[in-house]
Amino acid sequence: MSEPSLISFVDNKAMAARLGDVIEAQLARAIAEKGAASFAVSGGSTPAALYDALSERDLHWEKVRVLLVDERWVAPGEAGSNETFVRDTLIKNKAAGATLNGLWREGMAPATAADALNSELSDLFSACDAVVLGMGNDGHTASWFPHAEGLDAALSTDALVAAVRAAPGDVVGAHRDRVTMTLPAVERARFVCLLMAGAEKRKTFEAVRAPGAVEDHPVRAILKARPDLWACWAA
């Protein structure tokens, strides 16, 4: 099976502008067809420019439901919260009316929260109209970390989200416990893009495209499942 080619941009601003056009069109099409759109977004520094650009687009944002691709198990407002990052970068300006569905649940362990979220959100996000992924230099995407506890379930269970516990490492840092969208949930999306920036990420992308175990570099799972994925890299 073929895998995605790399689409290169001169810088992050150019990547954000092009993907902003594509994602805006995807969401507008969904609103026209279904009356609502679903959009799953990742944290990390690379997509900030994209979210800022999208927040200025003229969409019926009140009809857009936003879901986090994954979340560190910290409360909104605490260091590392993807929910806080997305509120600060996307849910503002013209996009202030969008509905953001966070994954953290107060007083719940990740596994318990995942069960609750699957009951609460699966119908709303059964097939997202657009998904934004990132990639770490360890070859993870979403919170599919190499050899994480729960990785097998996250890559196979037919549910919206799953709980994982990553192995210790510099990329993971202190936040080992996560809730993440599953591979089947991402795979069902109408449009999926993978955002990367810088020389190290390009080197990592070339490495993960080489033959090898998915468990070693879990981003391979979505590259194989969705050969039509937009793999976008900014210098």
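Is it the case that the stretch 170-185 has a residue that's surrounded by 24 or more Cβ atoms within 10 Å (Cβ to Cβ) and among the small types (Gly, Ala, Ser)?
Looking through the stretch 170-185, at least one residue is surrounded by 24 or more Cβ atoms within 10 Å (Cβ to Cβ) and among the small types (Gly, Ala, Ser).
Being surrounded by 18 or more Cβ atoms within 10 Å (Cβ to Cβ), in contact with a helix residue (DSSP H, G or I) (Cβ under 9 Å, 6 or more places away or on another chain) and under 14 Å from ALA95 (Cα atoms) is the filter here; which residues of the stretch 1-31 pass it?
GLY20, ILE23, LEU27 - these are the residues of the stretch 1-31 that are surrounded by 18 or more Cβ atoms within 10 Å (Cβ to Cβ), in contact with a helix residue (DSSP H, G or I) (Cβ under 9 Å, 6 or more places away or on another chain) and under 14 Å from ALA95 (Cα atoms).
Condition test on THR180, is it in contact (Cβ under 8 Å) with a residue 12 or more places away in the chain and under 23 Å from LEU27 (Cα atoms)?
Details: in contact (Cβ under 8 Å) with a residue 12 or more places away in the chain: yes; under 23 Å from LEU27 (Cα atoms): yes.
The answer is yes for THR180.
Across the stretch 86-127, what is the number of residues that are under 18 Å from SER55 (Cβ atoms) and either of a type in the set (Val, Ile, Thr) or surrounded by 20 or more Cβ atoms within 10 Å (Cβ to Cβ) (or both)?
7
Filtering the stretch 71-81 down to residues that are closer than 14 Å to ARG105 by Cβ and touching a strand residue (DSSP E or B) at 6+ places or on another chain (Cβ under 8 Å), which residue is surrounded by the most Cβ atoms within 10 Å (Cβ to Cβ)?
In this case the residue turns out to be GLU71.
Just for helices (runs of 4 or more DSSP H) wholly inside the stretch 92-204: which have at least 1 residues that are under 13 Å from the mean Cα position of the chain (by Cα)? First the steps, then the outcome.
Working: elements: 110-121, 151-154, 183-187.
Counting at least 1 such residues, we get 183-187.
Looking only at residues in the stretch 114-147 that are charged (D, E, K, R) and in contact (Cβ under 8 Å) with a residue 40 or more places away in the chain, which one is nearest to GLY20 (Cα to Cα)? Talk me through it step by step, then tell me what you get.
Just the residues of the stretch 114-147 that are charged (D, E, K, R), to begin with: 115, 120, 123, 129, 138.
Those still in the list that are in contact (Cβ under 8 Å) with a residue 40 or more places away in the chain too: 129, 138.
On the way: ASP129: 14, ASP138: 27 Å.
Once the filter is applied, the top-ranked residue is ASP129.
Residues checked against (1) among the charged types (D, E, K, R); (2) more than 25 Å from ALA36 (Cα to Cα):
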residue	(1), (2)
ARG87	yes, no
ALA127	no, no
LEU133	no, no
LEU160	no, no
ALA163	no, yes
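Conditions (1) in contact with a Gly (Cβ under 6 Å, 6 or more places away or on another chain); (2) touching a residue at least 40 places away in the same chain (Cβ under 8 Å); (3) part of a loop (DSSP other than H, G, I, E, B); (4) over 18 Å from VAL86 (Cβ atoms), marked per residue:
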site: PRO4; (1), (2), (3), (4): no, yes, yes, yes
site: ALA14; (1), (2), (3), (4): no, yes, no, yes
site: GLY44; (1), (2), (3), (4): yes, yes, yes, no
site: GLU56; (1), (2), (3), (4): no, no, yes, no
site: ARG65; (1), (2), (3), (4): no, yes, no, no
site: GLU71; (1), (2), (3), (4): no, yes, no, no
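Cβ contacts < 6 Å: first residue within 16 Å of LEU68 (Cα to Cα), restricted to the stretch 94-111; second residue of a type outside the set (A, V, I, L, M, F, W, C) and open to solvent by 60 Å² or more (accessible area, probe 1.4 Å), any location; separation 6+ or different chain. Result?
THR99/ARG65
Hey, can you tell me all the residues within the stretch 32-58 that are out of contact with any strand residue (DSSP E or B) (no Cβ under 8 Å at 6 or more places or on another chain) and crowded, with 20+ Cβ neighbours inside 10 Å?
ALA49, ALA53, LEU54
The values are calculated or read from the model by the stated rules, or taken from the named source; none is laboratory data. Given the structure is predicted, the values throughout are model-derived calculations rather than measurements. Ideal geometry is used to build each Cβ from the backbone, glycine not excepted, and the neighbour counts take in all protein chains shown. Protein only, heavy atoms only, side chains kept; ligands, DNA and RNA dropped before computing areas. Shrake-Rupley method; radii C 1.70, N 1.55, O 1.52, S 1.80 Å.
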